[in-house]
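Peer 1: Take this structure first; my questions come after.
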Amino acid sequence: MRRSTIIKWLCTTGVALVATAGAAQPALPLVDAAVGGVTAKVTTWRRDIHQHPELGNHEKRTGALVAEHLRKLGLDEVRTGIAHTGVVGILRGKKPGGVIALRADMDALPIKEATGLPFASTVTVDVDGKPTPVMHACGHDAHTAMLMGAAEVLAGMRDRIAGTVVFVFQPAEEGGPPGQVSGARLMLKEGAFKGVKPDAIFGLHVEPGTAGQIQVRPGPLLSSASDILIDLTGRQTHGGRPWEGTDLVNLSADIVKSLATIASRQVNVFEFPNVVSIGSLQAGNRMNILPGTATLRGTIRTFDLTRRDRLKALIRTSVDGLAKTYGAEAKVNFEDVALVTGSDPKLLDTILPALRSAATAGVDTNTLLRGAAEDFSFFEAEIPGVYYILGSTPAGAPKDAVPTNHSDKFDIDERVLPVGVKAHVLSALAFLDSRAAK
Ligand SMILES: [Zn+2]
Ligand SMILES: [Zn+2]
């Protein structure tokens, strides 16, 4: 049996890093001034991108805006069109050293915006012939703008940089159209880091929480996510004569109930938290027809890939057994949407002082695990990383009902924009300095 992947994940840091906790912050006053100098621009970019949201793999305008900015900054290389619309900017410092990647995602969601902001989106696009409203409801507009700002600050500090900074602007974090893989995976596949393999990668996400507070933890933070795809086939019959067919409606109900006990009763819940949810059940369209097909769709969330695989096996066994009882045919498939996202503990130690300097409301290093998932995990499967949350609840938001990410009313406190810029800049410098000091 494989060792727990959570342990493995914590230990496969790739490079031995020098912890610099407590070390003097690099060039803090210089960074403060430079961040102050770009904040107005970052806010303008955020609003502009917010007003012109684009769905995954369609971030043409956003990608062009980013590429133009990076070229203007005189970066050594600007790679475009990676994974459809992704952009990679490479900044070589004046001194030799390691390679650090900073990542932002650029895609929006198919949601009709209801924030009432003066720069709210009114964009509607055609998706398979259906008019579809689009909104930056996950804060990726802010992520893109903050990394553009960080690129400007770091480009002005070349003399000070020991190594290389790679700016990664990725498409389709929320997933592309059906059948297309997410942006991070495709960027890796298309050689986004050809010739500049990062030694580490850092990413952040805005989320409701105390504005300016950074939340992070060593090890896992966000769960893995695997789609559950169950297709049932049987013999269609009259609702008044169920014995002449296969009752897929009852079978579906039994499957839902059976799957609900897997995560709670059949695995050790004290070892790893996990959730199995069925979110979609489609069977039949009339009161007196028992349908010949039914589909169930759901998700597995957990913090260990061995556990994830165990849950898949238990789901398969349960569905197959129940289908056999009913005389139906079941096809069970899974699609891994994200691996576990979190922070390499040693790497986090290295940049924690930088994060503390950037956060205006402190750093919480003991934040709770989240059942949300991120395709940043695919970068982290190849490169040691740190992933942190930037609290961004707008001032005056109703305390107990702050609109969450993916809500049509989701918004951020723009005062966190310079916090994110500074966190990017200081964490990159702290990492490169720690490499140079080796
Ligand atoms: Zn999202
Ligand atoms: Zn997001």
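Peer 1: Output the number of the condition that Ser392 fails; it satisfies all remaining conditions of (1) within 16 Å of ligand 1 (Cβ to nearest atom); (2) open to solvent by 10 Å² or more (accessible area, probe 1.4 Å); (3) small (Gly, Ala, Ser).
Peer 2: The single condition Ser392 does not satisfy is (2).
Peer 1: State all residues of segment 78-101 that are open to solvent by 10 Å² or more (accessible area, probe 1.4 Å) and in contact (Cβ under 8 Å) with a residue 40 or more places away in the chain; if no residue qualifies, say none.
Peer 2: Step one: of segment 78-101, the residues open to solvent by 10 Å² or more (accessible area, probe 1.4 Å) are 78-82, 84-85, 92-97, 99.
Result: Arg79, Ile82, His84, Thr85, Arg92, Gly93, Lys94, Lys95, Pro96, Gly97, Val99.
Peer 1: Residues in segment 404-436 that are more than 23 Å from Gly37 (Cβ to Cβ), within 16 Å of ligand 2 (Cβ to nearest atom) and either small (Gly, Ala, Ser) or in contact with a helix residue (DSSP H, G or I) (Cβ under 6 Å, 6 or more places away or on another chain) (or both): how many?
Peer 2: Within segment 404-436, residues that are more than 23 Å from Gly37 (Cβ to Cβ), within 16 Å of ligand 2 (Cβ to nearest atom) and either small (Gly, Ala, Ser) or in contact with a helix residue (DSSP H, G or I) (Cβ under 6 Å, 6 or more places away or on another chain) (or both) number 1.
Peer 1: From the set of residues in segment 102-140 that are charged (D, E, K, R), in a loop (DSSP other than H, G, I, E, B) and within 16 Å of ligand 2 (Cβ to nearest atom), which is surrounded by the most Cβ atoms within 10 Å (Cβ to Cβ)? I'd like the intermediate steps shown before the answer.
Peer 2: Step one: filter segment 102-140 for residues charged (D, E, K, R), giving 103, 105, 107, 112-113, 126, 128, 130.
Then keep just the ones that are in a loop (DSSP other than H, G, I, E, B); that gives 107, 112-113, 128.
Imposing the further condition that a residue be within 16 Å of ligand 2 (Cβ to nearest atom) reduces the set to 107, 113.
Numbers: Asp107: 28, Glu113: 24.
Once the filter is applied, the top-ranked residue is Asp107.
Peer 1: Please work out which residue is nearest to ligand 2 (Cβ to nearest atom), limiting yourself to segment 374-386 and to residues that are touching a residue at least 60 places away in the same chain (Cβ under 8 Å) and either open to solvent by 30 Å² or more (accessible area, probe 1.4 Å) or out of contact with any Lys or Arg (no Cβ under 9 Å at 6 or more places or on another chain) (or both).
Peer 2: Initially, segment 374-386 is screened for residues touching a residue at least 60 places away in the same chain (Cβ under 8 Å), giving 374-380, 382-386.
Filter once more, keeping what is either open to solvent by 30 Å² or more (accessible area, probe 1.4 Å) or out of contact with any Lys or Arg (no Cβ under 9 Å at 6 or more places or on another chain) (or both): 374, 377, 380, 382, 386.
Values: Glu374: 7, Ser377: 13, Glu380: 16, Glu382: 20, Val386: 17 Å.
Only one residue fits best here, namely Glu374.
Peer 1: Let me ask another. The conditions are (1) in contact with a strand residue (DSSP E or B) (Cβ under 9 Å, 6 or more places away or on another chain); (2) more than 26 Å from Ser377 (Cβ to Cβ); (3) open to solvent by 30 Å² or more (accessible area, probe 1.4 Å), and Gly245 fails exactly one of them. Which is it?
Peer 2: For Gly245, the failing item is (3).
Peer 1: Sticking with this structure for a sec: Got at least one residue in segment 400-410 being within 25 Å of Gly175 (Cβ to Cβ), of a type in the set (Asp, Glu) and crowded, with 23+ Cβ neighbours inside 10 Å?
Peer 2: no
Peer 1: Follow-up question, since we're still on this one. Inside segment 356-387, can you point out the residues that are outside any loop (DSSP other than H, G, I, E, B), closer than 22 Å to Leu188 by Cα and more than 16 Å from ligand 1 (Cβ to nearest atom)? Write out each step before concluding.
Peer 2: Residues of segment 356-387 that are outside any loop (DSSP other than H, G, I, E, B), as a first pass: 356-358, 363-364, 370, 376-380, 385-387.
If we keep only those that are closer than 22 Å to Leu188 by Cα as well, we get 376-380, 385-387.
Of everything in segment 356-387, those that are outside any loop (DSSP other than H, G, I, E, B), closer than 22 Å to Leu188 by Cα and more than 16 Å from ligand 1 (Cβ to nearest atom) turn out to be Phe379, Glu380, Gly385, Val386.
Peer 1: Let me ask you something else. If you check every pair at least six apart or on different chains, which have Cβ atoms under 9 Å apart with a residue in segment 248-261 that is under 20 Å from Pro291 (Cα atoms) and in the same structural domain as Ile315 (by TED's automatic domain parsing) first and a residue that is hydroxyl-bearing (Ser, Thr, Tyr) and open to solvent by less than 50 Å² (accessible area, probe 1.4 Å) second?
Peer 2: Between residues of segment 248-261 that are under 20 Å from Pro291 (Cα atoms) and in the same structural domain as Ile315 (by TED's automatic domain parsing) and residues that are hydroxyl-bearing (Ser, Thr, Tyr) and open to solvent by less than 50 Å² (accessible area, probe 1.4 Å), the close pairs are Ser252/Thr295; Ile255/Ser318.
Peer 1: OK, next. Take Glu68 and decide whether it is of a type outside the set (Gly, Ala, Ser), part of a loop (DSSP other than H, G, I, E, B) and either within 16 Å of ligand 2 (Cβ to nearest atom) or within 23 Å of Val196 (Cβ to Cβ) (or both).
Peer 2: Here the answer is no, as Glu68 does not meet what is asked.
Peer 1: Identify the single condition in (1) open to solvent by 30 Å² or more (accessible area, probe 1.4 Å); (2) at pLDDT 95 or above; (3) of a type in the set (A, V, I, L, M, F, W, C) that Ala338 does not satisfy, given that it satisfies every other one.
Peer 2: Evaluating Ala338 over (1) open to solvent by 30 Å² or more (accessible area, probe 1.4 Å); (2) at pLDDT 95 or above; (3) of a type in the set (A, V, I, L, M, F, W, C) leaves (1) as the failure.
Peer 1: Okay, next question. Can you tell me which of (1) in contact (Cβ under 8 Å) with a residue 60 or more places away in the chain; (2) in contact with a Pro (Cβ under 9 Å, 6 or more places away or on another chain); (3) away from ligand 1 (no atom under 16 Å from the Cβ); (4) of a type outside the set (Ser, Thr, Tyr) is the one Asp128 doesn't meet?
Peer 2: The failed condition is (1).
The values are calculated or read from the model by the stated rules, or taken from the named source; none is laboratory data. Being a predicted model, the structure only gives us computed values, none of them experimental. With ideal geometry, Cβ positions are generated from the backbone for all residues, glycine too; neighbour counts draw on all protein chains shown. Remember, those area values only see protein heavy atoms, side chains included, never the ligands or the DNA or RNA. Shrake-Rupley method; radii C 1.70, N 1.55, O 1.52, S 1.80 Å.
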